[in-house]
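Working notes, beginning with the structure itself.
Please treat every number below as a calculation from the coordinates, not as lab data. Bear in mind that the values here come from a model prediction, so they are computed numbers and not experimental data. As a convention, Cβ positions derive from the backbone with ideal geometry for all residues, glycine included, and neighbour counts pool all protein chains shown.
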Amino acid sequence: MNEIVEVLDLIYEAAFVPEQWDKVLDVMAHGADAHGAALFNASSTAPRAIHSASLDDLSVKMLDEGWLNRNIRAARMMTLEHDGFVNEAEVFTQEEYDTLPIYTEVMKPLGYGFGTATLISPPSSERIVVAVEKKRAMGPFTAASISYLDQLRPHLARAAMMSSRLEFERINAAMEALQISGLPSATLRNEGRVMAANRLLEHMAPQITMGAYGRIRFHHTQANALLYRTLEQHRNLGSHASKSFPLPMHENLPPAIVHIIPVEGRARDIFSDATAFLIVTPIDRQRVPAAETIQGLFDLTPTEAKVARQLAAGSDVISVATHLSVSTETIRSHVKAILAKSGMSRQTDFIAAIASIRTIER
């Protein structure tokens with residue numbers, strides 16, 4: 001009984017301190033005489049999971065090689081109406097175990113043979129799966145092990161609900177803070193759908209609008225392509241690199257710089273499908289930003305930022321080359337690198353944008 005109490009304390013602690021979920025999974029697996037446990041978001045279009053260190057070999061297959069999105073084990077269990085842990089041995093036949101790719105190419109080569117899982121649906125669109133794995137040599141799950149896990153399930157569900165709610169509030173707080181800072185912003189799911197947006201972004205229509213299925217859309221075609229290319233890169237490669245690109249003036253709306261900043265944090269992301277913050281910096285054409293600002297916005301080198309600032313201030317390539325004591329060909333090479341990093345095709349577009357990025361008075 002004391003073991004159960006200790007596990008429950010850990011579970012509710014993890015609801016408020018997500019980094020504790022790793023420990024919860026380890027303790028759960030030990031209590032069920034299993035090799036390890038994992039928790040993943042089945043609603044997410046990008047792989048998001050937490051797992052016991054003992055499941056590192058399985059994680060490489062499921063996450064890095066994409067098997068999580070082809071996991072027929074989890075898919076079938078999620079169709080079962082059972083408020084408890086489902087013993088995989090009672091769902092799949094020996095013939096399926098011998099023929100299905102998830103077993104023949106992933107589980108069996110690594111020595112895994114028995115699993116149990118449960119689906120938890122917080123009062124949101126998320127579907128959280130808790131899976132517990134055993135090596136085949138350890139034998140199947142016993143009724144006692146399933147009973148132990150079922151005792152924990154209501155508490156796992158409550159903790160997941162609290163984590164989901166806290167994550168939602170964290171996203172809303174971020175949107176409100178950016179609103180106060182005067183920055184139109186939204187939180188995006190992996191496929192570009194908007195989870196939350198502040199009023200400033202809503203007022204940028206038709207320059208920025210919500211398209212089909214709640215996806216963010218720019219009126220400017222090139223900006224739209226850059227957004228979805230960045231999201232696709234994050235989805236396929238797990239890249240955490242931020243991206244900035246220009247948004248030209250449209251009708252009576254001023255030009256702006258769009259920043260895509262990935263949501264970081266492995267444990268926190270399980271309870272939200274948030275992928276990135278989209279932050280729009282409106283342009284003020286009366287100021288030329290510092291080189292450090294330009295460097296940070298477009299991930300330029302210090303020299304490239306200096307070149308960009310001088311061009312924006314009105315200098316031509318020859319004048320910049322003279323000022324920096326280099327050849328004009330060197331400056332032209334810097335300009336090519338600047339355009340490649342900014343996603344623009346014309347020097348005039350880049351200069352027009354950076355020459356009017358507003359600076360913050362301190």
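Length gained on full extension, A225 to S181, computed as 0.36 nm times the residue gap minus the Cα-Cα distance: 13.1 nm.
If R0 is 35 Å, the Cβ-Cβ spacing of D57 and Q233 corresponds to a FRET efficiency of close to 0.85.
Once both labels are positioned 7 Å from their Cα atoms along Cα-to-Cβ, the gap between R158 and A340 label points is 5.7 nm. Taking 0.36 nm per residue of separation and subtracting the Cα-Cα distance, full extension of the segment from I72 to F16 would add 17.0 nm. Remark: the stretch 221-228, residue by residue, has Karplus-estimated 3J(HN,Hα) of 4, 5, 5, 4, 5, 5, 4, 6 Hz, where x stands for each Gly or Pro and the curve is 6.51 cos²θ - 1.76 cosθ + 1.60 at θ = phi - 60°. Straight-distance candidates among the aspartates and glutamates for linking to K135, with alpha-carbon spacing under 14 Å and chain neighbours fewer than 8 residues away dropped: D33, D56, D57, E88.
A Förster distance of 35 Å, applied to the separation of the beta-carbon atoms of R165 and M138, puts the FRET efficiency at 0.45. Computed from backbone phi with θ = phi - 60° and the Karplus coefficients 6.51, -1.76 and 1.60, the 3J(HN,Hα) list for the stretch 204-216 is 8, 5, x, 5, 10, 9, 9, x, 4, 6, x, 7, 6 Hz; x is used for glycine and proline. For the chain, taking the reciprocal of the average inverse distance between every pair of different Cα atoms yields a Kirkwood hydrodynamic radius of 23.2 Å.
Filter K243/K306; K108/K243; K23/K243; K61/K243; K61/K341 down to the pairs with a C-alpha to C-alpha distance above 31 Å, please. Exceeds cut-off: K108/K243; K23/K243; K61/K341.
Model label points for T209 and D299, set 7 angstrom from Cα along the Cα-to-Cβ axis, are 3.1 nm apart.
Rounded to the nearest Hz, the phi-derived 3J(HN,Hα) couplings of the stretch 176-191 under the Karplus curve 6.51 cos²θ - 1.76 cosθ + 1.60 (θ = phi - 60°) are 5, 4, 5, 4, 4, 7, x, 10, x, 8, 8, 9, 10, 7, 4, 8, where x marks glycine and proline. Normalised by the number of residues in the chain, the average gap of Cα pairs under 8 Å and 6 or more apart makes the relative contact order 14 percent. When the alpha carbon coordinates of the stretch 2-164 are projected onto the principal axes, the ranges are 41, 34, 30 Å, largest first.
Here the sum of -39500 (n - 2.57) over DSSP H runs of 4 or more residues, divided by the residues of the chain, equals -13000 deg cm²/dmol at 222 nm, to the nearest 500. Here the label points at L110 and T79, each 7 Å from Cα along the C-beta direction, are separated by 2.4 nm in the simple model.
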